[in-house]
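> Take a look at this one; I'll ask things after.
Bear in mind these aren't lab numbers, they're just calculated from the coordinates by the rules spelled out. Please read all numbers here as calculations on a predicted model, not as lab measurements. Cβ placement follows ideal geometry from the backbone for every residue including glycine, while neighbour counts extend to all protein chains displayed.
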Amino acid sequence: MKPNSLLAVLALAGSMIFGSSVIAKDVDDKSSEKKQISLSKLRTELGSAVKNGEMSREEAMAKYRKAEASGTIESLEKNQEDESLLTLNGFFLGGKEDDDGQYQASFIIASKSKDKSEWPRITFTGKRFESQFSDLRKRDAVLINLGEGTAKKMADGKGAGKKGKSLAMRKGKGKGGSVNFYSIVIGTLKSKDIELGEFTMEVDYATLNKYSAARIKDEIMGKTVKVTGVSGQFRDNLLLIKTGQTLKVRTSGYFSDSKTLAFAHKFNVLERALPFSPDAHGVPPETFRGFRGVLRGKIVEVAGYEVLLRAEEITSLDDASTASDANSIKGKLVRINGFYNDHADKFNELQLSDIIRVSVRHANPIFDMFGVTDVLEIVEQ
């Protein structure tokens, strides 16, 4: 069987993420074709779900990868796929390695119907893209083919390559533009409107991870912000929380102009909480930041491919760990994410109060969350 390259495309809340994978060409070409068309529909649906705050990017990527690997997606008619949607005009923003050492090349997509601050972005992730885009310079106008996973520099005078277009790609402030901010925000309830599904809170703390921004945390800390988009059973939760009480909420985005947070509609959190303290909410001690190794502990919360673990023991310490005092986490809570890849099946077996062994890596000391690596074992269930 001859290997073909398949580009997995997810349109995620104003941005797109690409990951290359290799599939074998099936002897039955029709079956293979139908599967790819089905995957195309799935990634469109997942993109819409993320844009609407119904799931995070990690969850969407995990669902797509699982469907791609299982081969269980129902086939669709071929005419449902619109090839014209796979080609876009854009600009190259540059390439660099992320915290996990993966090369990422970023592009911005021009849109006549949107303010420049709202133009969507695309990121190609994978080692092969480093050489593939080596001839591109920042702000080069390009033609992007999503189906092939390519971006070709446009000739002068064509499309986005005309004089002045490099200026056109510069982002303005825009009006009402939002940015992703996946975080758990803790604070005091100031006011609420159950009918509109919104409330205001004075922010005591906001957790940071690779999908949230430190500048947004700094901007909202100690300030009163509005949270919108609360619906369903979470309006009932909001109804029960009294003004002046502490609550925690999971957010998916932030509108800087209006100082407004968007409620996350997937793996939702909106509930009363203990007044903020690092110990109560899984914010790691400074002396534990940078830790790499294996922890043993009891699960306190498990949801959304995240685990809140009360650490009991450091079973091994990686040579690459930079924590000044690894044992400072003993008896404290640590939040771990990233279970959507190799550990998705095992994660679904986890329950509250399970004792587990898990290897973690602190990719960036400013993050409050640790990422799971290769070890996940249920010691006592």
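> What is the spin-label model distance, in nm, from Arg137 to Leu352 if the labels are put 7 Å beyond Cα along the C-beta direction?
6.0 nm
> For Thr87 and Asn364, FRET efficiency with R0 = 45 Å and r from the beta-carbon atoms, rounded to 0.05?
The calculated FRET efficiency here is 0.80.
> On to the next question. Pulled fully out, how much extra length does the chain show between Leu274 and Asp318, if you take 0.36 nm times their separation in residues and subtract their Cα-Cα distance?
12.5 nm
> Let me ask something else. For Lys190, what is the net charge nearby, where nearby means another residue's Cβ is under 13 Å from its Cβ and Lys, Arg count +1, Asp, Glu -1?
+1
> Additional query: Could you give me the ³J(HN,Hα) list for the range 252-264, computed from phi with Karplus coefficients 6.51, -1.76, 1.60 and θ = phi - 60°, whole Hz, x at Gly and Pro?
10, x, 9, 9, 5, 5, 9, 6, 10, 9, 9, 5, 7
> Asp236 versus Glu202, label points 7 Å from Cα toward the beta carbon: distance in nm?
3.1 nm
> Give me the number: length gained by fully extending Glu380 to Glu130, i.e. 0.36 nm times residue separation minus the C-alpha to C-alpha distance, one decimal in nm.
Net length gain for the segment: 85.6 nm.
> Given Lys192/Lys298; Lys298/Lys346; Lys248/Lys330; Lys217/Lys266; Lys192/Lys248; Lys138/Lys217, which pairs have Cα atoms separated by over 26 Å?
Lys192/Lys298; Lys138/Lys217, as the Cα separations exceed 26 Å there.
> Calculated FRET efficiency, Thr150 and Ala213, Cβ-Cβ r, R0 22 Å, to nearest 0.05?
The pair Thr150/Ala213 has a calculated efficiency of 0.15.
> Tally Lys/Arg at +1 and Asp/Glu at -1 over every other residue whose Cβ is under 14 Å from the Cβ of Glu313; what's the total?
+3
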